[in-house]
C-alpha cells in the first residue's frame with residue numbers, strides 16, 4: 001500500500017533552515033507529483049509547492065519563492081522540502097502528499113512534521 | 001493566484017442534520033475542485049475529487065456538486081464522526097490553493 005513517512009519534529013532558531021523528508025513506498029516514486037502543504041497552529045491548510053520526482057521540476061507558491069527548495073532522491077524514493085530564513089510564523093505542521101492523477105487531488109498524505117521556530 | 005472562498009467558516013449542527021458548505025473560486029476552475037476532511041492532529045482525508053466524485057471508502061452521505069466557480073459539499077445526515085474541519089482545494093492551476101476551512105461543531 002502507498003505510504004509516505006516523514007521525518008520527525010524539529011525546533012529551529014529564527015534565521016535557520018529546516019529540511020523535512022518524505023519517504024515514499026508502495027508505488028513507483030517517479031510516476032506521481034509530491035506536494036507540500038503546511039498548517040500553522042489553529043489555522044488552515046496552505047499549499048507550498050510540488051515536485052515532479054521524475055524530472056525534478058518544481059512549482060512553488062509565490063509566497064515561498066526564494067526561500068523554499070523541493071528536491072528528491074529517486075534512489076531512495078524520498079522527497080525533501082527545505083525552508084530557509086525561518087521566522088516564528090513558519091511554526092507549523094508540514095505535510096507531504098502524493099497526488100493521484102494529472103488532476104492533482106491529494107489522496108495519500110504523510111503523517112506531518114512539526115517545525116517549531118523559537119529563540 | 002486563484003482565491004478560494006469557503007463559507008461558513010464555522011457551523012454548529014446536530015446529529016442527523018443536513019449540512020451544506022460552499023466554496024467559490026475567484027475564476028473558473030471547471031471541475032478541478034476537491035474536498036477534504038481533517039480531524040484534530042490528523043492529516044487531511046480526501047472526500048470528494050473532481051467536484052463530485054466520491055473517493056472510495058467515503059460514506060455516501062457525502063456528496064459534492066458544482067462547476068465553474070461555485071461548488072457545494074453536502075453531508076446528508078450528520079454522524080458523530082463527521083464533526084471536523086472541511087477544506088476545498090482547487091487543482092486547476094498552480095499555485096494550487098485551499099479554502100480557509102469550515103469547522104463543523106456539535107450543537
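Summary table below
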item	result
Span from the segment B:44-68 Cα centroid across to the segment A:71-89 one, whole angstrom	30
Segment residue A:11-residue A:75, extension gain: residue separation times 0.36 nm, minus the distance between their alpha carbons	20.2 nm
Number of partner chain Cβ atoms within 10 Å, mean per residue of A:102-114	5
Burial ordering of A:109, A:36, fewest other beta-carbon atoms within 10 Å first	A:109, A:36
Global geometry of chain B, whether rounded, prolate or oblate, following the gyration tensor of its Cα atoms and the 1.5 cut on a/c	prolate
The protein assembly as shown: C-alpha gyration tensor shape, a/c 1.5 cut-off, then a/b vs b/c	prolate
Shape call, chain A: gyration tensor on alpha carbons, a/c limit 1.5	prolate
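No value in this document is a laboratory result; all are computed from the given coordinates. Since this is a predicted model, take the numbers as computed values, not measurements. Cβ sites come from the backbone with ideal geometry, for glycine too, and all protein chains shown count toward neighbours.
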